[in-house]
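Here's the structure, in structure tokens; my notes come after.
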Amino acid sequence: PKQADENLRSPICCIMGHVDAGKTKLLDFVRGTNVQEGEAGFITQQIGATYFPAENIRERTKELKADAKLKVPGLLVIDTPGHESFTNLRSRGSGLCDIAILVVDIMEGLKPQTIESLNLLKMRNTEFIIALNKVDRLYGWKTCRNAPIVKAMKQQSKDVQNLFNTRLTQIVTQFMEQGVNTELYYKNREMGETFSIVPTSAISGEGIPDLLLLLVQWTQKTMVEKLTFSNVVQCTVLEVKVIEGHGTTIDVVLVNGVIHEGDQIGPIVTTIRALLTPHPMKELRVKGTYLHHREIKAAQGIKIAAQGLEHAIAGTGLYVVGSDDDLEDVKEATMEDMKSVLNRIDKSGEGVYVQASTLGALEAMLEFLKSSDVKIPISGIGIGPVHKKDVMKASVMLEKKKEYAAILAFDVKVTQEARELADELGVKIFIADIIYHLFDQFKAYIDNLKE
Ligand code: GDP
Ligand code: MG
């Protein structure tokens, strides 16, 4: 069948919900990968983007509807972290989305971050579909691998069906309390007014075909205008990070337009040296081999390598020089973002030094350290590996407040010279890839000093 005939770009779908609802696992199941088990502490700490080509979606949904018309080239899915201090990252992800999947654990119902996600979606008027996940955990559930949900449901005993209906009713009520009408998707006659629920399992795949097909069909049916491909580049920086062999790179979501190798980009005026993507169905966040491209058409998650990207700021727009004339506006927006990070640094000049792998991770770290039950002051920040210069900066505290002569290094390497200098000067370096662990280590150290 002829496809992509209306020149539509791929819809961008954001996956949201409470921590442990199964957001990453759902994506893993569709990709056939295992990102979730590779994550530190199994918590998603950054945003990832995965592209699902239409052929793949067709393959996964053929049992549900063999002749479904897929007009979009694919689906770009963004996974966001669920932990509390990641509000900032979550709002960044959801701001880009055409549609969202709100994942709810059927055994747990609505939780604080489900409600927070819901509020973000309402605030932005973003369409969403609810994945009522972990149906396989209903006592007595009979596995029907990859089956459409109605078919899977028919295989279940009366007891399991009753159990399911009880929990569904409870959750529909919880949504109602939030002012949101919901209904099982195949019974929903008022889509757009009433939000659809798709029961899923990220372990055995029941309901996954339904979720994929609903996402594609709903977006291509109701968002034609928004999804019509345009030549005007619309691009947002998700993450700034150092990658071995590429220097500082940025992970971006290209929402619309085409971007080329050699294009001049801003607000940091530089030339694209390499345009990289992961292989289809693999995630941008996972280290692996990248595909090189001459040009890329939206929508896509891209890693860009260029000079000077260490000054790029996550959450800000990226533009192609020559195709955009509101240069000053972009610069202004960029400054606003940076200010919000710098504002979190203690004015007293007393505090620890915080180093993280990405700006997003740094923002999350700062938010956590500032929270009421932690309250660790911060005197300086850095992104990327810990170098001698960072140790030098942290060592200033030796004179002012000795216990703060410390670097909290989140998900970064420490160079040999930096380590040697730290030992020599008496600067403590704490390293971890989970924010909580850094906090625990630092707290133990402070408590120890007090004794
Ligand atoms: P996230 O924090 O929302 O990304 O959640 P994860 O994807 O990391 O999943 C949290 C935990 O729930 C992991 O131990 C998963 O293996 C488990 N899990 C996720 N989805 C399912 C599901 O559909 N069924 C069952 N039984 N477990 C699941
Ligand atoms: Mg996750």
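Scanning the stretch 113-127 for residues that are more than 16 Å from ligand 2 (Cβ to nearest atom) and either of a type in the set (Phe, Trp, Tyr) or in a helix (DSSP H, G or I) (or both), we see that the one that is nearest to His18 (Cα to Cα) is Ile115.
Just to be sure before I move on: is Gly179 surrounded by fewer than 19 Cβ atoms within 10 Å (Cβ to Cβ), at pLDDT below 90 and not β-branched (Val, Ile, Thr) in the structure I sent? Answer is no for this residue. From the set of residues in the stretch 23-43 that are near ligand 2 (Cβ under 8 Å from one of its atoms) and surrounded by 24 or more Cβ atoms within 10 Å (Cβ to Cβ), which is modelled with the highest pLDDT? Looking at the filtered set, the residue picked out is Lys23.
Quick grid of which residues meet (1) within 16 Å of ligand 2 (Cβ to nearest atom); (2) among the hydroxyl-bearing types (Ser, Thr, Tyr):
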residue: Gly179; (1), (2): no, no
residue: Ser196; (1), (2): no, yes
residue: Pro199; (1), (2): no, no
residue: Ile203; (1), (2): yes, no
residue: Pro209; (1), (2): no, no
residue: Trp218; (1), (2): no, no
residue: Lys221; (1), (2): no, no
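When you check Leu184 against the structure, is it modelled with pLDDT of 95 or more, within 30 Å of Asn256 (Cα to Cα) and either in contact with a Leu (Cβ under 7 Å, 6 or more places away or on another chain) or away from ligand 2 (no atom under 16 Å from the Cβ) (or both), yes or no? Judged against the criteria, Leu184 is not a match.
Put simply, of Ile259, Ile313, Ile304 the only residue that is over 26 Å from Leu227 (Cβ atoms) and either hydrophobic (A, V, I, L, M, F, W, C) or assigned to a loop (DSSP other than H, G, I, E, B) (or both) is Ile313.
The single condition among (1) of a type in the set (Gly, Ala, Ser); (2) farther than 19 Å from Val240 by Cα; (3) modelled with pLDDT of 85 or more that Ser348 does not satisfy is (3). Scanning the stretch 50-70 for residues that are touching a residue at least 40 places away in the same chain (Cβ under 8 Å) and part of a helix (DSSP H, G or I) returns Ala54, Asn56, Ile57, Arg60, Thr61.
Only one of these is within 19 Å of the chain's Cα centre (by Cα) and of a type outside the set (A, V, I, L, M): Thr200, Thr249, Thr228, Thr219. Name it. Matching residue, one of Thr200, Thr249, Thr228, Thr219: Thr249.
Pairs meeting the criteria (first residue in the stretch 431-451 and closer than 16 Å to Leu362 by Cβ, second residue among the hydroxyl-bearing types (Ser, Thr, Tyr) and not in a helix (DSSP H, G or I), beta carbons under 9 Å, at least 6 apart or on different chains) are Asp433/Ser357.
Here Ile130, Ile99 are screened, and the one residue that is more than 12 Å from the chain's Cα centre (by Cα), more than 16 Å from ligand 2 (Cβ to nearest atom), surrounded by fewer than 24 Cβ atoms within 10 Å (Cβ to Cβ) and modelled with pLDDT of 85 or more is Ile99. Whether a residue is out of contact with any Ser or Thr (no Cβ under 6 Å at 6 or more places or on another chain) and either surrounded by 17 or more Cβ atoms within 10 Å (Cβ to Cβ) or among the polar types (S, T, N, Q) (or both) was assessed, and Pro267 does not pass this test. Within the stretch 227-257, the residues that satisfy the criterion of being farther than 15 Å from Ile383 by Cβ and surrounded by fewer than 16 Cβ atoms within 10 Å (Cβ to Cβ) are Thr228, Ser230, Asn231, Val232, Glu244, Gly245. Of everything listed in (1) touching a residue at least 40 places away in the same chain (Cβ under 8 Å); (2) of a type outside the set (Val, Ile, Thr); (3) touching a Lys or Arg at 6+ places or on another chain (Cβ under 6 Å), the single unmet condition for Gly257 is (3).
The values are calculated or read from the model by the stated rules, or taken from the named source; none is laboratory data. Remember, it's a predicted structure, so these values are computed and weren't measured experimentally. Because the Cβ atoms are built from the backbone with ideal geometry, glycine has one as well, and the counts that use them run over all protein chains shown.
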